[in-house]
Amino acid sequence: MEHLSDIAVFVRIIDRGSFTAAADDLKLSKAAVSKYVGRLETRMGVRLLNRTTRRLTLTEAGEALYRRASGALSDLEAAEAEVLELAGRPRGLLRVTAPPLFGTEFLSSRICDFLHDYPDVRVDLHLDNRIADLVGERFDIAIRITTLAASSLVARRLAEIRIATAASPAYLAHHGRPAAPADLQRHECLGFDLDRTPTEWHYRSPRGEPAAVRIRSRFRCGDDAMLKRTALQGHGVLRMPELFIRDELEDGRLIRLLENYDPPPVTLAAVFPTRANLAPKVRVFVEFLAEQFGPGR
């Protein structure tokens, strides 16, 4: 520890440009600061600084030590700041992006509870189906319903969500009911414009075999709510996360199709840029989402 103190004083001298300024910062006497540096030079067996009455310069050895030590001390300070931040009270502006339909139907009714529990946090909620650049657009958290891919971002999985294929009774009365995914080629399918494969729907057969079908989409858009309304009006076959149309399936306004051909499920996840220096406001919001939407909810 004494060795680390000597190095810390040496770095502070270089950062501040003089023994006097470093002594003032560290609340030490100038003589004490000189003692630290002298002890460090003695231990290392090499001169680190050249001093005159007007100038302070580093030797080659001093430059090497400063280059390495200043970075290491910065890491130690960041580690200390992280611990202090984690121990602090959640506060500040929390910028969140989420899919519009999820935000309006599931998140809006719960945000007030979160704000009540954490009065020092302000939430700026952006509803958008596109995949936002969290770092570039300075979002703290994204709520995503998707197939998670490998990424440098951190994802907290909240739930697995079944995908449902459905249509209104009026549409089925006019166009018939598909018995297998291949039958969808003869139907009006409502395409989600932001799908990775918007013209191809994927299913699994009753024996677990993958099945893909190219769909015909005379109407396609990137808004879940618009697609849902279009299906309810009888204009096509819809495929979307089951939680978005659960009520309509239960009351018969939409009829579930291809029940023996489950599409691969998607993941509801809270995504954030990094675990390092995770702010308390982000940590508590992620836990809040897990409580609200995790298994059993």
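A few notes on this one:
- Once the chain from Asp195 to Glu209 is taken as fully extended at 0.36 nm per residue, the excess over their C-alpha distance is 2.9 nm.
- Placing R0 at 35 angstrom, the Cβ-Cβ distance between Ala179 and Arg157 gives a FRET efficiency of 0.55 after rounding to 0.05.
- Using equal-weight Cα scatterers in the Debye expression, the normalised intensity of the range 159-297 in log10 at q = 0.09, 0.14 Å⁻¹ is -0.33, -0.70.
- Taking a straight Cα-Cα cut-off under 17 Å and skipping sequence neighbours fewer than 8 places away in the same chain, the aspartates and glutamates within cross-link reach of Lys228 are Glu105, Asp128, Glu188, Asp193, Asp195, Glu242, Asp247, Glu248, Glu250, Asp251.
- Likely footprinting exposure, Thr97, Thr104, Thr197, fewest C-beta neighbours within 10 Å first: Thr197, Thr104, Thr97
- Using a cutoff of 8 angstrom between alpha carbon atoms and counting only pairs six or more residues apart, the relative contact order for the range 164-297 works out to 34 percent.
- Going by neighbour counts of Cβ atoms within 10 Å, the residues Arg51, Arg207, Arg144 line up, fewest first, as Arg207, Arg51, Arg144.
- Per-selection Kirkwood Rh - the chain (Cα, Å, 1 d.p.): 23.9
- Against the chain, whose longest principal axis comes from its Cα atoms, helix 108-117 is set at around 30 degrees.
- Over all other residues within a Cβ to Cβ distance under 9 Å of Arg16, the charged ones net out to -2, with Lys and Arg as +1 and Asp and Glu as -1.
- Counting neighbouring beta carbons within 10 Å and listing from fewest to most, the residues Lys35, Lys27 come out as Lys27, Lys35.
- Shape parameters for the range 2-87, alpha-carbon atoms, Rg then Dmax in Å: 13.6, 46
- The chain: angle of helix 60-87 to the longest principal axis, Cα-based, in degrees nearest 10: 50
- Relative contact order of the range 2-87: 25 percent, from C-alpha pairs under 8 Å at least 6 residues apart in sequence.
- The alpha carbons of the range 71-209 give a radius of gyration and a Dmax of 21.7, 73 Å, in that order.
- Tilt relative to the chain, helix 30-44 - C-alpha long axis, 0 to 90 degrees, to 10: 80
- Zone of Glu105's modelled label, taken as backbone nitrogen in the range 212-229 under 19 Å from a point 7 Å along Cα→Cβ: 220-229
- Based on Cα contacts under 8 Å between residues 6+ apart, the chain shows a relative contact order of 22 percent.
- Long-range tail of P(r) for the range 1-160 (Cα pairs > 27 Å, %): 52
Every read-out reported here was derived from the displayed coordinates using simple, explicitly stated rules and does not represent laboratory data. Please read all numbers here as calculations on a predicted model, not as lab measurements. Here Cβ is always computed from backbone atoms with ideal geometry, including for glycine, and neighbour counts include all displayed protein chains.
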